[in-house]
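S.K.: There's a structure below that I have some questions on.
The values are calculated or read from the model by the stated rules, or taken from the named source; none is laboratory data. Note that the structure is predicted; figures quoted are calculated from it, not measured. Cβ atoms come from the backbone with ideal geometry, glycine included; neighbour counts cover every protein chain shown. Just so you know, the surface numbers come from the protein's heavy atoms only, side chains and all, with ligands and any DNA or RNA stripped out. Shrake-Rupley method; radii C 1.70, N 1.55, O 1.52, S 1.80 Å.
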Amino acid sequence: MAKVLEGPGMGLMKKWGIHVPNYVVVTSADELTKLGQANDWMKASKLVAKAHEALGSRFKLGLVKVGLDLQGAIAATKEMIGRQVGSITVSQVIVSEMVPHKEEYYCAVKSTREGSEILVANCGGIEVESNWERVKRLCLEVGQQPTSEGLEKLAKEAGFTGALAKKMAEFAGKMFTCFDSEDAQYLEVNPVVTRESDGELVALDAVTLLDGDAKFRHPDWNFAFAAEFGRAYSKDEVEVMAVDSKIKGSVKFIEIPGGDTAMLPAGGGASVYYSDAVVARGGKLANYAEYSGDPPDWAVEVLTEKVCSLPGIKNIIVGGAIANFTDVKKTFGGIINGFRKAKADGKLKGVKIWVRRGGPREKEGLDAMRALKEEGFDINVFDRNTPLTDIVDKALQTK
């Protein structure tokens, strides 16, 4: 699951015919000043300025300013950019036009085990949280599309009447189209409002969660996903994510500051298994990583270089179970190339490498790993007959 910030989330909704306010996302007050000169709506409308980060309670933190003119929005942007909130530094501000309205509503689409659900309520904003029983649902099975009749019935069950019921049904239909077409797992607009100037329903906010692994199907996803760990993604993390989006199979990498045991395991199950084993034995993880689904060797090489670049590491664990179809020799070729590049760059001094793997062409792959000892690597290699976590015990010297 990949979280998308409000700006690109609203852009996806606009793509599928949902009305959103005019908005810009800026990284400096100077940039907003230039955009203000080029966009008449920024001079003619009252504006809202919000920190464009994955932060909760922005209003309470003073990171939402409303009812501004352009100069006020510029001042608010200058005040917000660079502000530190926990481990997050505000680097972007979204400035949008205020949409005059009286009533607020709610609409969302979410993935479920059975398929999906469309949720609608004739209350919105903070009111919906205390009146959740007013939210009505339309449940759909996998592959099922909502009908216009079903959506209008849903709107009426939620308390909408007359022309507004039809408009809300159409809005919910567009939300589902966006959800389905963009490989979303969750879309929420709170609030949906009726714009006083023309009576159209407008999405004033957007919560968007996408299937990040579907990025290869969406060449127009030119935005970065929001970090999920209370901090911005590092440069190395972003680079591995870029590789992951382009390949068959998968490579993942997240840094954990302060650790001394680096992980380079094969498969999501092994990555969790080895991570748990390190923590259970009193070790300190330096990262989370995995490669799976028989990725190309060059992608594994990139991942290996990032793992070898982690500061303060003493051990690297290259662990895995017995692969079904991942070519051990091929993926180990990428790891070996990464090790060699790291060593040539002066890294891996005093670092011990621990390898345990089985699967297709394991003998060739393990032999290639063992040969690294002749090149000066401090490497210890084990085959499928060694229990998975024995290399953790050896690395942490608990046996």
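S.K.: With every protein chain present, what is the per residue accessible area of region 1-69 (1.4 Å probe, Å²)?
M.R.: Ligands and nucleic acids excluded, the figure is 49 Å² per residue.
S.K.: Continuing with this model, one more query. Counting DSSP beta bridges in the chain, what percent are antiparallel, to the nearest 5?
M.R.: 75
S.K.: Binning at 10 Å from 0, report for region 33-94 what percent of all alpha-carbon pair distances ends up in each bin.
M.R.: 23, 52, 22, 3
S.K.: So for the chain, averaging the separation of alpha carbon pairs under 8 Å that are six or more residues apart and normalising by length, what relative contact order in percent results?
M.R.: It rounds to 12 percent for the chain.
S.K.: Per-residue counts of other Cβ atoms within 10 Å, averaged by peptide: what ranking do you get for 275-282, 202-209, highest first? Intermediate results must be reported in sequence, preceding the final value.
M.R.: Values: 275-282: 15.9, 202-209: 20.6.
The most tightly packed comes first, giving 202-209, 275-282.
S.K.: Using a 1.4 Å probe over the heavy atoms of the protein chains, calculate the carbon and sulfur portion of the accessible area of region 1-107 as a whole percent. Write out the running numbers ahead of the final one.
M.R.: Details: 2720 of 5200 Å².
The value for region 1-107 is 52 percent carbon and sulfur by accessible area.
S.K.: Also: Could you work out how far helix 235-244 tilts from the main Cα principal axis of the chain, as a 0 to 90 degree angle to the nearest 10?
M.R.: 90
S.K.: I would also like to ask the following. Ignoring everything except DSSP H segments at least 4 long, calculate the 222 nm mean residue ellipticity for the chain; use -39,500 (n - 2.57) per segment, divide by total residues, nearest 500.
M.R.: Taken over the chain, the calculation gives -10000 deg cm²/dmol.
S.K.: Moving to a separate point now. Can you compute log10 of I(q)/I(0) for region 224-266 with the Debye formula, treating each Cα as one identical point scatterer, at q = 0.21, 0.34 Å⁻¹?
M.R.: -0.80, -1.27
S.K.: Which of 3/284; 330/352; 34/235; 65/235; 46/235; 3/43 have a Cα-Cα distance over 26 Å?
M.R.: 3/284; 34/235; 65/235; 46/235; 3/43
S.K.: Using the Kirkwood radius over Cα pairs, work out the Stokes-Einstein diffusion coefficient for region 245-366 at 20 °C and 1.002 mPa s, in µm²/s as a whole number.
M.R.: This corresponds to a translational diffusion coefficient of 152 µm²/s.
S.K.: Show me the ranking of peptides 133-144, 366-377 by mean Cβ neighbours inside 10 Å, starting with the highest.
M.R.: Values: 133-144: 13.4, 366-377: 14.9.
Going by the mean number of other Cβ atoms within 10 Å, highest first, we get 366-377, 133-144.
S.K.: Would you list, by chain and number, the lysines whose Cα falls below 21 Å from the Cα of residue 156, excluding same-chain residues fewer than 8 positions away?
M.R.: Counting by Cα, and skipping residues close in sequence, residue 156 has these lysines nearby: 102, 110, 136, 166, 167, 174.
S.K.: Let me ask something else. Explain nothing, just the number: relative contact order of region 316-399, from Cα pairs under 8 Å at least 6 residues apart, as a whole percent.
M.R.: 38
S.K.: Treating only the Cβ atoms of Lys and Arg (+1) and Asp and Glu (-1) as charged, compute the dipole magnitude of the chain about its Cα centre; round to the nearest 20 debye.
M.R.: Numbers: 52 positive and 55 negative charges, 214 e Å.
In total the dipole reaches around 1020 debye.
S.K.: Under a Cβ-only charge scheme (Lys and Arg +1, Asp and Glu -1), can you give me the dipole magnitude of region 161-228 about the Cα centre, in debye to the nearest 20?
M.R.: 220
S.K.: Provide Rg and Dmax in Å for the chain, with only Cα atoms included in the calculation.
M.R.: Cα-based Rg and Dmax for the chain come out at 25.6, 80 Å.
S.K.: Leaving out ligands, DNA and RNA, what percent of the accessible area of region 282-399 is carbon and sulfur, probe 1.4 Å?
M.R.: 49
S.K.: Leaving out ligands and nucleic acids, and using a 1.4 Å probe, what accessible area per residue does region 220-374 come to in Å²?
M.R.: Working: 6750 Å² over 155 residues.
Computed with neighbouring chains in place, this is 44 Å² per residue.
S.K.: May I ask you to compute the full-extension gain from residue 341 to residue 141, defined as 0.36 nm times their residue separation minus their alpha-carbon distance, rounded to one decimal in nm?
M.R.: Additional length available on full extension: 67.0 nm.
S.K.: OK, next. List the lysines whose Cα sits under 20 Å from the Cα of residue 60, skipping any in the same chain fewer than 8 residues away.
M.R.: Within reach: 50, 78.
S.K.: Give me the three principal axis extents of region 46-139 from the C-alpha atoms, as integers in angstrom, largest value leading.
M.R.: Reported extents, whole Å, longest axis first: 45, 34, 21.
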